[in-house]
Amino acid sequence: MLTVRKAASRLGVSYGFVLELIRSGKIEAINISEGKCQKSYRISPQSLDDFIQRNKVKSVS
C-alpha cells in the first residue's frame with residue numbers, strides 16, 4: 001500500500017492534488033484514520049496503475 005506522499009511522488013504531482021483525486025473518486029483509496037480529525041489514506045499499487053491507464057494520452061497535437 002502506498003501513502004498519499006508516495007503516490008504523489010510516483011505521479012510527479014503534489015500531495016494536495018492526490019488528495020483531490022481521492023476525494024473526487026478518481027483514485028481509489030482506503031481511509032485508515034479510524035475517526036481521527038485528519039484523514040489518513042493508503043492507495044494500492046493497482047489503484048494507482050488503474051488511474052494511470054485510464055488517463056493515458058495516446059498522442060499530443
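Dividing the Cα radius of gyration by the Kirkwood radius, what Rg/Rh value follows for the chain? Show your work: numbers first, answer last.
Numbers: Rg = 12.4 Å, Rh = 12.1 Å.
Value, to two decimals: 1.02.
Could you grab the relative contact order for region 2-61? Cα pairs under 8 Å, six or more apart, rounded to a whole percent.
31 percent
Using a 7 Å offset from the Cα along the Cα-to-Cβ direction at both Leu11 and Asp49, what is the distance between the two label points in nm, to one decimal?
Label at Leu11, label at Asp49, 1.8 nm between them.
Can you list the aspartates and glutamates whose alpha carbon sits under 20 Å from that of Lys26, skipping same-chain ones fewer than 8 residues off?
Result set, ordered by chain and number: Asp49, Asp50.
Using a 7 Å offset from the Cα along the Cα-to-Cβ direction at both Ser33 and Lys58, what is the distance between the two label points in nm, to one decimal?
Placing both labels 7 Å beyond Cα along the Cβ direction yields 4.0 nm.
Computed from the coordinates by the stated procedures, all read-outs in this text should not be read as laboratory data. These numbers come from a predicted model, not from an experiment. Note: ideal-geometry Cβ built from the backbone for every residue, glycine included; neighbour counts use all protein chains shown.
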